[in-house]
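For reference, the structure is listed below as structure tokens.
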Amino acid sequence: MERRVEEHTFSIEMNSRSSLTNISISDKSAEPVLIQGELGRLEEAYFQEDVTLEVRGTKGILRLDIGREELERLLAKSKLNDPKPGT
């Protein structure tokens, strides 16, 4: 049975503050938030229990709670909407 979720969570785990290049958080809740950094050389990407995508780099880990089927659906949709043929 597929877990239907409208909103997703994420986490970013960095090995060091030096891998962060920018964090921008406004005092106003309506303002955008920006978190940028370097994951380093990508070592692996896999799904934990088919519900969390984990991308591991030499400098950190990015986790996104998205199921394999949902990600495949989104990727297929983006290919259909890609204006450049062959990409």
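In this structure, the amide hydrogen of Gly67, modeled 1.01 Å from its nitrogen in the peptide plane, lies closer than 5 angstrom to no residue at least 5 positions away or on a different chain. The stretch between Val33 and Glu6, if pulled fully straight at 0.36 nm per residue, gains 7.7 nm over its current Cα-Cα span. Less than 5 angstrom separates the built amide H of Lys59 from those of Gly40, Arg41, all sequence-distant by 5 or more or on a different chain.
Scalar couplings 3J(HN,Hα) for segment 17-26, obtained by applying the Karplus form with A = 6.51, B = -1.76, C = 1.60 to θ = phi - 60°, are 4, 5, 7, 7, 9, 6, 9, 10, 10, 8 Hz; x denotes Gly and Pro.
Each of Ile61, Ser18, Ala30 was scored by the projection of its Cα onto the charge dipole of the chain, and the greatest displacement toward the positive side belongs to Ser18; charges sit on the C-beta of Lys, Arg, Asp and Glu.
Across segment 54-62, rounded Karplus estimates of 3J(HN,Hα) from the backbone phi angles (6.51 cos²θ - 1.76 cosθ + 1.60, θ = phi - 60°) give 10, 10, 9, x, 5, 10, x, 9, 10 Hz, Gly and Pro being marked x.
When you restrict to C-alpha pairs under 8 Å that are six or more residues apart and normalise by the size of the chain, the relative contact order lands at 25 percent.
About its Cα centre, the dipole of the chain is roughly 320 debye, where the only charges are +1 on Lys and Arg Cβ and -1 on Asp and Glu Cβ. Building the convex hull from the alpha-carbon atoms of segment 10-81 and averaging its projection over directions returns 6.5 nm².
Each reported figure results from applying straightforward, stated rules to the coordinates on display, with no laboratory input. Everything quoted here is computed from the prediction, not taken from an experiment. No Cβ is skipped: glycine too gets one built from the backbone with ideal geometry, and neighbour counts run over all protein chains shown.
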